[in-house]
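Engineer: Right, I'll just put the structure down here and ask away after.
Values quoted throughout were computed directly from the atomic coordinates according to the rules given, and no laboratory measurement underlies them. Computed from a predicted structure; not experimentally measured. Cβ placement follows ideal geometry from the backbone for every residue including glycine, while neighbour counts extend to all protein chains displayed.
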Amino acid sequence: MTFTELVNAPKRYLKKELLPVLADLRLAIVLLLAIAVFSIAGTIIEQGQSVQFYQANYPEKPALFGFLTWKVLLTAGLDHVYRTWWYLALLILFGASLTACTFTRQLPALRWFSRTWNFYSQPRQFRKFALSAEFPKAGIDQLLPLLEQRKYKIFQDGDKLYAHKGIVGRIGPIVVHAAMLLILLGGIIGAMTGFIAQEMVPSGATFQIDNVTDAGIWAAPQIPKDWSVKVNRFWIDYLPTGEIDQFYSDLSVLDQNGKEVDRKTIHVNEPLKHKGVTLYQADWSIAAIQVRLNNSPVLQSPMARIDQGSGRIWGTWLPLKPDMSDGVSLVAKDLQGLLLVYDMDGKLIATVRKGMAVDVKGLKLSIVDLIGSTGLQIKADPGIPIVYLGFGLLMLGVIMSYVSHSQIWGLEKDGAIYIGGRTNRAQVTFEREFLGILEAIDQGKSESTPTQLAQT
């Protein structure tokens with residue numbers, strides 16, 4: 001093997017071996033199905049949860065479907081499907097397949113189309129058309145106004161003619177491929193540079209985004225360090241039945257000097273967006289309770305969530321004596337202010353509402369306030385604008401692909417005119433249009449009749 005052959009060997013392998021495999025439609029379908037299956041799995045299986053969560057919901061005995069346990073799930077990366085190497089590899093391979101198909105099939109087809117602009121100079125060339133006709137004693141000038149009337153773009157070279165309309169129908173599939181590549185690119189960028197965080201913040205507190213639950217390998221620059229968020233107030237609106245109607249968080253974005261640079265009251269489906277980071281209202285909790293014993297200063301005691309069968313309740317223990325030898329438990333189920341008071345033996349001894357007082361073991365227990373915590377889900381995905389652009393182009397490309405691309409050739413030779421045409425879709429409509437042109441020519445030249453007409 002010569003040096004030149006050695007240098008050109010990779011190029012020949014790429015062109016003759018690798019590109020045909022990548023451009024194979026069957027490979028693209030298999031990759032698309034695999035991406036769809038794993039995307040569905042990522043939607044069904046909770047993403048970015050703790051190990052304890054998966055151990056509790058996907059135990060080894062009994063295993064889900066007989067094989068899916070928390071160990072299998074974590075080992076395969078099904079807890080963060082969209083950021084696994086194999087899912088990204090599927091996206092990249094599918095993108096390579098689309099690119100190969102575009103360069104080996106779509107663009108060559110467009111180049112082939114440009115060659116069809118060549119004028120036909122021999123009558124025998126019109127025999128290949130599904131629709132063709134010959135009119136003796138007719139001229140090319142009779143065809144021109146009929147094509148102009150039907151919005152064809154006409155090219156003429158003496159006695160030869162070419163006309164077409166609906167060229168966007170040939171470009172549409174290329175736009176669809178480009179759009180799908182943009183969507184894949186946006187998905188990969190989002191998976192590599194995006195992050196998801198969760199914060200539970202008491203009303204009145206200020207926080208920075210620290211509790212990142214899922215992030216791409218290049219996500220660190222996206223996690224903000226130069227600004228923080230203050231929860232000015234968190235509250236819940238309740239229905240008359242006592243059920244939650246909506247919960248709200250009044251949030252302020254603060255710069256490094258503590259100056260407010262953005263502010264918004266968020267609720268479910270109405271997030272706050274700042275510098276590419278989106279803060280969603282996702283959950284709530286009870287952070288603490290403020291009480292007063294007799295005429296004491298306001299005492300604040302943190303409340304913890306109590307695990308139980310259904311619903312959610314929070315509780316705290318409040319000492320009544322300095323040596324903590326006696327006390328009561330306070331239990332609440334929401335922020336409406338109703339609390340249950342239990343003694344050391346677990347016996348219910350009183351109920352009290354926020355802003356009211358009750359006598360407990362010789363002391364006046366006043367409930368000053370219940371402090372709620374807002375649960376925020378925080379996301380950043382730099383690939384979203386690219387994905388949206390891709391979907392926009394995809395819709396445009398699909399619409400373009402439905403446009404019929406129709407072509408008509410004409411030739412005047414030896415006192416006769418030869419006409420042929422074809423289209424890539426809407427065959428019946430084109431046949432009617434083509435026959436209408438022939439009828440118009442026949443009526444305009446009554447002494448001439450079509451001597452040949454072939455159609456499928």
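Engineer: Return Arg233, Arg124, Arg170 ranked ascending by Cβ neighbour count within 10 Å, so the fewest neighbours appear first.
Structural biologist: Arg124, Arg233, Arg170
Engineer: Mean Kyte-Doolittle of at least -0.5 and a Cα length of 30 Å or more along the axis: which whole DSSP H helices of the chain meet both?
Structural biologist: What comes out of the filter, once short or polar helices are dropped, is 168-193.
Engineer: Hey, another quick one. Could you please rank Asp157, Asp24, placing first whichever residue has the fewest other Cβ atoms within 10 Å of its Cβ?
Structural biologist: Fewest-to-most Cβ neighbours within 10 Å comes out as Asp157, Asp24.
Engineer: In whole Å, how far is the Cα centre of the stretch 287-303 from that of the stretch 169-199?
Structural biologist: Cα centroid of the stretch 287-303 versus Cα centroid of the stretch 169-199: 53 Å apart.
Engineer: Further, regarding this structure: Sequence neighbours fewer than 8 away in the same chain don't count; with that in mind, list the aspartates and glutamates whose C-alpha is under 14 Å from Lys151.
Structural biologist: Partners found: Glu433.
Engineer: May I pose another question? Each residue of the stretch 315-322 in order: what ³J(HN,Hα) in whole Hz does its phi give by Karplus 6.51 cos²θ - 1.76 cosθ + 1.60, θ = phi - 60°, with x for Gly and Pro?
Structural biologist: x, 8, 10, 10, x, 9, 10, x
Engineer: Could you give each residue of the stretch 151-160 its phi-based ³J(HN,Hα) in whole Hz, using Karplus coefficients 6.51, -1.76, 1.60 with θ = phi - 60°, and x for Gly or Pro?
Structural biologist: Rounded to whole hertz, the list is 6, 7, 8, 10, 10, 9, 10, x, 8, 10.
Engineer: Of Lys259/Lys379; Lys225/Lys259; Lys165/Lys413; Lys128/Lys160, which pairs sit farther than 21 Å apart, going by alpha carbon to alpha carbon?
Structural biologist: Lys259/Lys379; Lys165/Lys413
Engineer: Helix-derived [θ] at 222 nm for the chain: sum -39500 (n - 2.57) over DSSP H runs of at least 4, divide by residue count, nearest 500?
Structural biologist: Rounded to the nearest 500, it is -10000 deg cm²/dmol.
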